[in-house]
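Accompanying notes for the structure given below.
The values are calculated or read from the model by the stated rules, or taken from the named source; none is laboratory data. The model shown is predicted, which means the values in this text are computed figures rather than measured ones. When we count neighbours, we look across all protein chains shown, and the Cβ atoms used for this are built from the backbone with ideal geometry, even at glycine.
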Amino acid sequence: MGRGRQKAKATRQAREMKYFSPQTDYSALQRELRQSGTTRPAASPYDDDLTEGEDHSEDPGYDPDDDYR
């Protein structure tokens with residue numbers, strides 16, 4: 001019996017989020033974007049392995065057909 005009430009609440013919350021439109025402060029957004037353009041993003045820990053276009057033929061575990069690597 002509790003599932004109906006839970007589903008109704010989830011539906012109500014989803015509807016509130018869908019139609020909620022807060023006021024956008026465009027000047028603050030512009031300042032934030034201007035500041036982020038001057039700094040260099042942090043390096044990803046995953047960038048260390050291989051770069052694009054690198055030859056993988058020496059890697060014994062490399063399978064070109066493996067989509068999950």
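What's the number of the condition T38 fails, among (1) assigned to a loop (DSSP other than H, G, I, E, B); (2) at pLDDT 85 or above?
T38 satisfies every listed condition except (2).
Give just the number: which of (1) at pLDDT 65 or above; (2) surrounded by fewer than 10 Cβ atoms within 10 Å (Cβ to Cβ); (3) among the polar types (S, T, N, Q) does Q30 not satisfy?
Result: Q30 passes all but (2).
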